[in-house]
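Asks: One structure is given below, represented as structure tokens, and several questions about it will come after.
Just so it is clear, none of the values below were taken in a lab; they were calculated from the coordinates. It should be emphasised that the depicted structure is a prediction, and the values quoted were computed from it without experimental measurement. Note that we place each Cβ from the backbone using ideal geometry, even for glycine, and neighbour counts take in every protein chain shown.
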Amino acid sequence: MRAYILAGGLGTRLYPYSLILPKPLLTLGSKTVIEHILDWLTTYDFEEIIIAISGRKWAYDLVLKDSYKGTKIKVNSSEKPLGTAGQLKWVAKDELDTFFVSYSDSLINANIEDVIRTHKKNSAVVTVLTAKIKEKLRYGVIDEDKGLMKEWKEKPELYYRVAAGAFVFEPEFLRYIPDQKYGMNNAVMNAINAKEKVLVYDVESFVDVGNVSSYKKAAFEFAEKFGEIP
């Protein structure tokens, strides 16, 4: 089984940091983001991990070799950004077996072996790894009916699931992606609308590093962990 890391975005949410280096090559503690992801992926015995990018391959060549902890690594570069699903179809178009996919801007803690076992046991076409999030609103929330106040909830906490940035796919999923720039959410909804079985699998934890505020927060946490902040 192969794993793919989708790293073809422009990283605009991380400007100006990603103007110098691609987002997955920014550091957290003593390693780059993509090395943290590879540490996670190599806990499972994938035969190959393919990293899909859309330029600046020279930067990846400086950091990565042709293997990582004994797993073969390949970096494929498209001519332009294709969106998450569009890039997946481009890089995995010849897949004939179940495969695993990770985005390049989140760090996940989950047992990959159990994820894949659950996916296959349920005969799913897609399994979306998800995280349960608790978020406190900044404002009081007012419920009303025809102009009359019914309830005032002061800065309530919301609980919801978010896509954590990793998936298990069967190769037939690729038919739900058109040959164009396309988002993964749209492709997954195409599969759902076609009555395919799409599972969710809650991860133990995940850290988003996709924008400036979340990356800075994660970077400081990693720095403190390694004793780099006095």
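Asks: Helix-only mean residue ellipticity at 222 nm, the chain, DSSP H runs n ≥ 4 weighted -39,500 (n - 2.57), per residue, nearest 500. What is it?
Replies: Calculated from helices alone, the mean residue ellipticity at 222 nm is -7500 deg cm²/dmol.
Asks: Cross-link candidates for LYS121: which lysines have Cα within less than 17 Å, leaving aside residues fewer than 8 places away along the same chain?
Replies: LYS197
Asks: Let me test this: with uniform point scatterers at the alpha carbons of segment 69-130, what is the Debye-based log₁₀ I(q)/I(0) at q = 0.17, 0.19, 0.21, 0.22 1/Å?
Replies: The calculated log intensity ratios at q = 0.17, 0.19, 0.21, 0.22 Å⁻¹ are -0.80, -0.99, -1.17, -1.24.
Asks: Just need the relative contact order of the chain here, percent rounded to a whole number, with Cα pairs under 8 Å and 6+ apart.
Replies: Reported relative contact order: 25 percent.
Asks: Name the GluC sites (Glu not before Pro) in segment 20-65 that are in a loop by DSSP and that have at most 16 other C-beta atoms within 10 Å, would you?
Replies: Filter output for segment 20-65: GLU47.
Asks: Tally Lys/Arg at +1 and Asp/Glu at -1 over every other residue whose Cβ is under 14 Å from the Cβ of LEU96; what's the total?
Replies: Counting the neighbours of LEU96, the net charge comes to -4.
Asks: Also, quick follow-up: Would you mind giving the average projected area, over all directions, of the Cα convex hull of segment 1-149 in nm² with one decimal?
Replies: Directional mean of the projected Cα hull area for segment 1-149 stands at 13.4 nm².
Asks: Another question, if that's okay. Looking at the chain, send over the antiparallel percent of its DSSP beta bridges, to the nearest 5.
Replies: Roughly 55 percent of the DSSP beta bridges within the chain come out antiparallel.
Asks: With each pseudo-label sitting 7 Å past Cα toward Cβ, what's the LYS65-ASP45 distance in nm, one decimal?
Replies: Modelled inter-label distance: 2.3 nm.
Asks: In a shell of Cβ-Cβ distance under 14 Å around PRO171, excluding PRO171 itself, what net charge do Lys and Arg (+1) and Asp and Glu (-1) give?
Replies: Taking every other residue near PRO171 into account, the sum is -1.
Asks: Could I ask something else about it? What's the local net charge at GLY70, with K and R +1, D and E -1, over the other residues with C-beta under 13 Å away?
Replies: Its environment carries a net charge of -2.
Asks: Roughly how far apart, in whole Å, are the Cα centres of segment 131-170 and segment 71-105?
Replies: With segment 131-170 and segment 71-105 each reduced to a Cα centre, they are spaced 33 Å.
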